[in-house]
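Quick one: structure below, then a few questions.
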Amino acid sequence: MAKQTKNPSASCVTMTELVLPNDTNTLNKLMGGRLMHWMDIVSAIAAQKHSNRIVVTASADNISFRHPIELGDVVTLEAKVTRAFSSSMEVSVKVFAENIPSGTKSQSHSAFFTFVAVDQGGRPIDVPELIPETDEEKEMYDGALRRRQLRLVLAKRMDPADASELKSIFDVQA
Ligand SMILES: CC(C)(COP(=O)(O)OP(=O)(O)OC[C@H]1O[C@@H](n2cnc3c(N)ncnc32)[C@H](O)[C@@H]1OP(=O)(O)O)[C@@H](O)C(=O)NCCC(=O)NCCS
């Protein structure tokens with residue numbers, strides 16, 4: 001039977017948080033762990049919306065903390081599924097920090113999370129295929145296969161020799 005298909009827009013989620021004293025370190029900056037928690041939640045909701053299933057976090061790609069987010073800032077997190085494989089989905093998360101009194105807003109962080117849809121017993125289960133629509137969604141979709149191979153090689157779940165998409169980056173025999 002043909003797989004159900006869905007567009008990325010069906011999984012779009014926006015979450016807004018206010019950085020309060022309990023979220024910050026002693027320099028009044030948002031703690032990295034709190035931000036990662038919010039990123040995990042918003043991207044899990046996006047994966048649930050795509051799959052209509054329970055999902056578990058399989059991995060989070062490299063998150064760099066280049067720009068601190070300040071106490072009192074409003075943090076907006078935007079997530080959507082970029083590509084679905086068999087049971088796993090790659091989710092893009094973008095984080096924006098806004099200081100309302102000064103009128104500044106900028107993208108502060110971004111990352112890719114991978115979620116796996118599971119049944120009640122925690123066993124992986126197939127998810128709908130994702131059909132990208134916009135140019136940006138098509139670009140994200142194309143890059144997702146390369147990012148998947150890289151994270152599976154790093155997790156020792158794929159032999160580098162089988163990572164055909166990585167040939168242009170690394171000198172591997174595929
Ligand atoms: C994620 C998990 C369900 C995978 O189960 P598994 O028995 O290893 O299943 P498989 O090897 O068949 O892999 C299933 C899918 O997970 C993907 N996967 C497994 N490990 C991964 C990793 N480190 N990064 C990205 N994807 C991963 C596989 O590529 C596969 O995707 P596909 O079906 O789309 O091809 C299992 O490892 C698990 O339950 N981990 C704990 C999850 C968790 O507790 N998260 C935090 C709390 S939500």
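Laboratory data are not the source of any read-out in this text; all were calculated from the coordinates shown. Since the model is a prediction, treat every value here as computed from it, not as a measurement. Every residue, glycine as well, gets a Cβ built from its backbone with ideal geometry; the counts of neighbours run over all protein chains shown.
Work out which trypsin sites (Lys or Arg not before Pro) in the chain are exposed loop sites (DSSP not H, G, I, E or B, at most 15 other Cβ within 10 Å) and give the longest gap free of them.
Numbers: sites that count: K3, R66, K156, R157, K167.
In short, 67-155.
For the chain, set up a GNM with springs between Cα atoms under 10 Å and report which of P132, P124, P101 has the largest fluctuation.
P101
Compute the helix-to-body angle for 32-51: its Cα long axis versus the longest principal axis of the chain, expressed 0 to 90° and rounded to tens.
40 degrees
What number, in percent, do you get for the relative contact order of the chain if the mean sequence gap of Cα pairs under 8 Å and at least 6 apart is divided by its residue count?
Computed value for the chain: 23 percent relative contact order.
For the chain, what is the percent of antiparallel DSSP beta bridges, rounded to the nearest 5?
Here the share of antiparallel DSSP bridges comes out near 95 percent.
Determine the alpha carbon to alpha carbon distance for each of K105/K156; K3/K49; K6/K156; K49/K94; K29/K156 and list only those over 27 Å.
Long pairs (Cα-Cα over 27 Å): K105/K156; K6/K156; K29/K156.
In the chain, which longest range has no chymotrypsin sites (Phe, Trp or Tyr not before Pro) that are both DSSP loop (not H, G, I, E or B) and surrounded by at most 15 other Cβ atoms within 10 Å? Can you show the working numbers first?
Working: sites that count: F65, F170.
Counting at most 15 other Cβ atoms within 10 Å as exposed, the longest clean stretch of the chain is 66-169.
Let me ask you something else. Can you tell me the 0 to 90 degree angle between the C-alpha axis of helix 135-154 and the longest principal axis of the chain, rounded to 10?
The angle comes out near 80 degrees.
Once phi is turned into ³J(HN,Hα) by the Karplus curve 6.51 cos²θ - 1.76 cosθ + 1.60 with θ = phi - 60°, what whole-Hz value does each residue of the range 99-111 show in order, with x for glycine and proline?
The phi angles translate into 9, 5, x, 8, x, 9, 8, 8, 6, 9, 8, 7, 6 Hz.
Next question. Taking the alpha carbon gyration tensor of the range 34-174, what are the square roots of 5 times its eigenvalues, largest first, to the nearest whole Å? If you can, show how the numbers build up before the last one.
Numbers: eigenvalues 160, 75, 41 Å².
Square roots of five times the eigenvalues give 28, 19, 14 Å.
For the chain, what is the mean residue ellipticity at 222 nm derived from helices alone (per DSSP H run of n ≥ 4: -39500 (n - 2.57); sum divided by total residues; nearest 500 deg cm²/dmol)?
Rounded to the nearest 500, the figure is -8000 deg cm²/dmol.
Could you work out which residue, out of A44, A117, A155, moves most in a Gaussian network model of the chain, that is, has the largest mean-square fluctuation with Cα springs under 10 Å?
Maximum fluctuation in the GNM of the chain, among the listed residues, is at A155.
Further question on the same structure: Give a residue-ordered list of calculated ³J(HN,Hα) values for the range 4-11 (Karplus: 6.51 cos²θ - 1.76 cosθ + 1.60, θ = phi - 60°; whole Hz; x for Gly, Pro).
Result, ordered by residue: 5, 10, 9, 9, x, 4, 5, 10 Hz.
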